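Asks: Here's a structure for you.
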Amino acid sequence: MDRNTQLKVFKAQVENVQELDAAWRHVKRSINRDLVKGNKSAVRLHTKLLTLVYCAWLEASFSKLIHTPYGFDLSEIAQIQSASQNGIVNAWKECISIAALRVSSGRSNYVPNLKKKLNQLIEKYVEEPSLLRNKVAHGQWVKALNRNNVAINSELTNALNNLDVVKLDILRDACKGLCEIVEALIESPERTFHRDYWILLSKLEEHLARTSKFSLTDKIRLLKSKQPKRTQPNNSGATD
């Protein structure tokens, strides 16, 4: 790959992310409509579809991120892509490790703490849900099987059945925030990153702290409160 190809890949992934953003909004509208109507079977179906959209969005977003123009060297991109052969989580952590090498600070613990914090976000919002995404992508929509597909994994099955649009929203928001932080790290490790890092991190953590208290029940109540009230028919027999 050369720089021209890198730019083409970046632009292609920008388009893919935009299309997946549109798909996300479309499926969410369907879920919201189903929640108001109380159509539980349709909610389950569309939630699985939203999970697939999220999975695709995350992969396209990560590819867009590592192909950011004026970011990684071509050899570094190849190194990250090679790490992805052992899973997307390894690729994310390799991305952080390489990007952090560009950061300098007068404090000896700055870079280690930076890597630790970003890896914690990866473990919580990329690694932990990755098993569920893999199960859905491989057709295990109701019952999740174990690694060798020879028995039911009860823990993952319960997690799969408890997945909902609110939890998926939180995952997506967390990964969007993570992408913003890493993008700042890639693009300007010595200049604006030191300024923007704490701003972006604080914004993300405050948002997640607020949304983590929001439940599916809260969402249904909010959606129903926005529905127009039906006008009661006038049966008095009066005429104008």
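Only the coordinates and a few stated rules stand behind these numbers; no lab work does. Given the structure is predicted, the values throughout are model-derived calculations rather than measurements. Every residue, glycine among them, receives a Cβ derived from its backbone with ideal geometry; neighbour counts consider all protein chains shown.
Asks: Need the C-alpha centroid separation for the range 177-222 versus the range 114-176, integer Å.
Replies: Each part's Cα centre sits 20 Å from the other's.
Asks: Quick check on packing: order 166-174, 33-41, 74-82 by the mean number of other C-beta atoms within 10 Å, highest mean leading.
Replies: 166-174, 74-82, 33-41
Asks: Among 31, 182, 65, which residue has its Cα positioned farthest towards the positive end of the charge dipole of the range 3-225, with +1 placed on the Cβ of Lys and Arg, -1 on the Cβ of Asp and Glu, and the dipole taken about the Cα centre?
Replies: So the residue furthest toward the plus end is 31.
Asks: Assuming R0 = 30 Å, what is the FRET efficiency of residue 229 and residue 26, from their Cβ-Cβ distance, to the nearest 0.05?
Replies: The formula returns an efficiency of 0.65 here.
Asks: Let's see if you can work this out: charge +1 on each Lys and Arg Cβ, -1 on each Asp and Glu Cβ, no other charges. What is the dipole magnitude of the range 1-93 about its Cα centre, in debye to the nearest 20?
Replies: 660 debye
Asks: Still on this model: Per-residue counts of other Cβ atoms within 10 Å, averaged by peptide: what ranking do you get for 208-218, 56-66, 83-93, highest first?
Replies: Highest-to-lowest ranking by the protection proxy: 56-66, 83-93, 208-218.
Asks: Once the Cβ-Cβ distance between residue 78 and residue 4 is put in as r, and R0 is 25 Å, what FRET efficiency do you end up with, to the nearest 0.05?
Replies: That gives a FRET efficiency of 0.95.
Asks: Given the Cα-Cα distance of residue 36 and residue 116 and 0.36 nm per residue of separation, how much length would full extension add, in nm?
Replies: Gain on stretching residue 36 to residue 116: 24.6 nm.
Asks: Next question, about the same structure. May I ask you to compute the full-extension gain from residue 103 to residue 158, defined as 0.36 nm times their residue separation minus their alpha-carbon distance, rounded to one decimal in nm?
Replies: Extra length available between residue 103 and residue 158 comes to 15.6 nm.
Asks: If you place +1 on the Cβ of every Lys and Arg and -1 on the Cβ of every Asp and Glu, how big does the dipole about the Cα centre of the chain come out, in debye to the nearest 20?
Replies: My answer is approximately 980 debye.
Asks: Among 144-156, 193-205, 113-125, how do they line up from the highest to the lowest mean number of other beta-carbon atoms within 10 Å?
Replies: Highest-to-lowest ranking by the protection proxy: 113-125, 193-205, 144-156.
Asks: Below 18 Å, Cα to Cα, which lysines can residue 8 reach? Residues fewer than 8 away in the same chain don't count.
Replies: In chain and number order, the partners are 64.
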